[in-house]
Each structure stands twice: as C-alpha cells, then as structure tokens.
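One structure is given below, encoded as structure tokens.
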Amino acid sequence: MPWRSGILQHAVAFERAVVTPYTFATIFVPAFFSYYAMAVLVQLPHMTLYRIALLPVVFWLTFRANMSLDFSWNYPGYAYFNQALSLGMFIIAMRSTAWVFTKRSYTRLPVCKSGNGTTNGHNGNTPTKHGVSASSALWNAWDLIVNLRGIGWNGPERMHIPTPCFRVESRLIFALLSLCRLILFALACDTLCRCVRSFGPDTFGTPKGGTIFDPSLAPPERYMKSFVVTLLSGISAYVTIEATYQLHAVLFVILFQQYPSQWPPLFDSPWLSTSLTSLWGRRWHQLFREYFVAVGSRPLERYLGRAGTVLGAFAVSGGLHDVGMRGMGRGGDTLPVVGFFVMHGIGVLMEYAWKQATGRRVAGILGWLWVFCWLVLFGQVIVDVWARRGLLASDFFPETYRPSTLFLNWII
C-alpha cells in the first residue's frame, strides 16, 4: 500500500546533522547504551534469548547513528571523523553479534599488576564457576566495551599479545613513556602526511581527492610515484594507529588508574614479517581478531573448511574498512577495498598450500620479499581508494599546532 511505502521511506531516509548536544543525546547515546547493555548481558548466565532480542535494536540504533550524525562539522578536512563513526558503529554491531552467539559468559579476571607471568593481560587464574552479580556486570561492562583485545577477561583464546621490551610497574612512569611515544608518533604522522600530499598537491593532496596513478607521467615514473605514495601511506597508517593507542593508554592509566600491564604493545614489529600468516596472525594489531573469527570465519568454516575460515575473516575485515570509507560521505569502492583483504586471505592460503607441499613454512628473506611485494602490489589499489576519496588530505592537527611545524619552529 502507498502509505506503508511512504512510512518505510521516511524511516530509512536519513540526512546527516551536525553534532549538537541534542543530536548527540538522542542519536549517539542510545546506540552506545544498547552496546553497553549487550556488554552487561554477555557476562550474565542464561541471557542468550535476551541478547538475541536486543541484537536487532543494536543494529538499528548503530545504523541510525552512522547515517544521521556529522562529526566533520561540514569541514572537508575533518571527514575522517565520520569515517571513525562508521567504523565504531560497525565494530559495535560486530562485537554484539559475536556476543549473542558466544557459548560462554564473559568473566573478568584478576589483573596482574606487574605484568610478569601474565596470560592475555591477567594472572592466568581460571575464572570462578559461580555467576557474576548484576552490580559487578554493570561495572565491568565499562571495561569490556573499550577492551577490544579482551585483556583481563577469560578470552579470547589464542590471542597473541606482544611482550613489551621492558616492564614498567609505575603508572606515572608508564604514562610519561606513553606520552613520549605519542609525541614521536604524532610528529611522524604529520611529517608523513606532508610528504604524501607533496606528491599530489592539487589532486589527492586536497579533500576533493585524486588518483595516485598520474596519467601525465610515463608508466615507469607513474608506477614509481604510486609505489612511493603507497609505501608512505602504509607507514602513515601504522603510526596513526600507534599514536591513537598511546593517547588512550595515557588517558586510561592516569584518569581511570588502570595498570600498565593492561596496555601491552599493540603491534609486534610488523616490518619483520616473513609471511602473510605471521603478519596478519601475530605482528599486525589483533584488535578485531576475535570478532572477525566469530562473524566471518566460523559461519563459513562448516561449508568451505579452512578456506572459509581464512577468507571469512578477511572478508569481514574488508567490509569493516569499506563501511568506514563510505562513512566519509564520498561514496565507496567495495571491490578494491574488500578485494585487498580477500587477496591477502588467498595469499595466506597459498602459504598453507606451500607448507603442505614442501613441509616448510614461508620464511626468511624470500618470505620478507614475498610479504613486501604482496603489500605493495595490492596496497596501491586500496591507497588509490583513499586518495580518490580525499582521505590522504585529512587534517589530523590544526594548522597552527601541527607537530612538524612546532618542531621546526623549536629547532630553528
């Protein structure tokens, strides 16, 4: 009936509104608290039906928040804030889905203050068999919703947590060290962003975007330029994630009195990877591993075996990044974005086939070259998407407070 179609169109027709206290309270806060409620329920026994009932509500509220809020304040250089919003809403929906179908209740474990002899960030004790109280679940949920790696909880299993180079027990010393790392990573991020923009000041160096494959250049120069831009952009992505992690480490240790052992290294020297398996399984950050496995790997494993396990996880990762790009409001390129991750999944399967055929793992200098070539080859495809959507021209710092500018003014 016409009136029904009109209601449906009105229900799903969203227009982004600049964030104000009112829109934040009426759109973002409900999505957040649906996520919080799911984090409470996953700790309590016999709550599966309640979690199933809540899941559609989480989906709707996160979808509405993703489509309705504008954190860029209509400034093109801040469009990455909307990308972060889309990533956050996707992660909430993904984690909530994993929590609905988990076979065990989540239990918070005693944190080992020194970090010595820890297992997954806690002291390795087996969780008690008695159920957690509702009041404890309400309190612990605040930790669970921001604790993507599950450090200090009874899982996820087989999660690789890098070992710090040296252990620090003092919160103050740890916060100061993290602050120093934050400053260095912020300086590196800003410097790399300036370098990348210099290769396309009138194209991908502006919010309107442009391709990294310059058609005015001959093929050798064109692809050398795209190679350098891809390499610098990949390093920039790494240092940006690290800077964000260090910022959160400082805030949570100082403001919420968390222990340094709850903030182990995020990466495990990814530049030393000698196989795609080690890169994505151990050395790159594992923030979303549990949820990629729960949402992508397990559903496909029963139909496609090992291939489904690997490709399912990489496909969900690709979906996460595609949704993030679309959140900028400049369209999307699903095939190259998802394809980047799926091709890495295929590369992991190729390494497994090599091991089955030869009895040897991909490793050594040839393995390092294999990883480098795979990243550079398919990395150019996804970096070109970033460039054409204006992501490479994001303003991470106010112009007068850019770390590279402040540093140059200090030394000159």
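The values are calculated or read from the model by the stated rules, or taken from the named source; none is laboratory data. Everything quoted here is computed from the prediction, not taken from an experiment. So basically every Cβ, Gly included, is an ideal-geometry build from the backbone, and we count neighbours across all protein chains shown. Accessible surface is based on the protein model in full, side chains and every heavy atom, while ligands, DNA and RNA are left aside. Shrake-Rupley method; radii C 1.70, N 1.55, O 1.52, S 1.80 Å.
Computed on protein heavy atoms with a 1.4 Å probe, the accessible areas place Y35, Y22, Y50, Y352 in the order Y22, Y50, Y352, Y35, largest first. Between the alpha-carbon centres of region 228-279 and region 354-412 there is a gap of 13 Å.
If you take all other residues with their beta carbon under 12 Å from the beta carbon of R330, and give Lys and Arg +1 and Asp and Glu -1, the sum is +3.
In whole percent, how big is the carbon plus sulfur part of the accessible area of the chain, probe 1.4 Å, protein atoms only? It is 68 percent, rounded to a whole number. Would you look at the GNM of the chain, springs on alpha carbons closer than 10 Å, and say which of P336, P164, P76 moves the most? For the chain, modelled as a Gaussian network with Cα springs under 10 Å, the answer is P164.
Quick one: grab the alpha carbon gyration tensor of region 220-312, order the square roots of its eigenvalues as a ≥ b ≥ c, and give me rounded if a/c is under 1.5, else prolate or oblate depending on whether a/b is larger than b/c.
Oblate, since a/c reaches 1.5 and b/c is not below a/b.
Classify region 150-293 as rounded, prolate or oblate from the Cα gyration tensor: take a ≥ b ≥ c as the square roots of its eigenvalues, call it rounded if a/c is under 1.5, otherwise prolate when a/b beats b/c and oblate if not. It is prolate, given that a/c is not under 1.5 and a/b is the larger ratio.
Convex hull of alpha carbon positions in the chain: directionally averaged projected area 25.3 nm². Here each label is just a point 7 Å from Cα along the line to Cβ, and for A53 and A25 those points are 2.9 nm apart. Applying a length cut-off of 20 Å (Cα extent along the axis) and a mean Kyte-Doolittle floor of 0.0 to the DSSP H helices of the chain leaves 48-68, 79-100, 171-198, 219-255, 298-326, 334-358, 364-388. With each label modelled as a point 7 angstrom along the Cα→C-beta vector, the W142-R104 pair spans 2.7 nm.
A Förster distance of 45 Å, applied to the separation of the beta-carbon atoms of S269 and A134, puts the FRET efficiency at 0.60. For the chain, the solvent-accessible area works out to 52 Å² per residue, with a probe of 1.4 Å and every protein chain left in place. Modelled spin-label separation between T405 and V376, with each label point placed 7 Å from Cα along the Cα-to-Cβ direction: 3.4 nm.
Can you give the FRET efficiency to the nearest 0.05 for F14 and L287, using r as the Cβ-Cβ distance and R₀ = 41 Å?
The formula returns an efficiency of 0.90 here.
Under the shape rule built on the C-alpha gyration tensor, where the axes satisfy a ≥ b ≥ c, region 268-392 is oblate, since a/c reaches at least 1.5 while a/b does not exceed b/c. With the whole protein complex present, S136 retains an accessible surface near 50 Å², based on a 1.4 Å probe. Sequence-distant contacts, meaning Cα pairs under 8 Å at least 6 residues apart, place the relative contact order of the chain at 20 percent.
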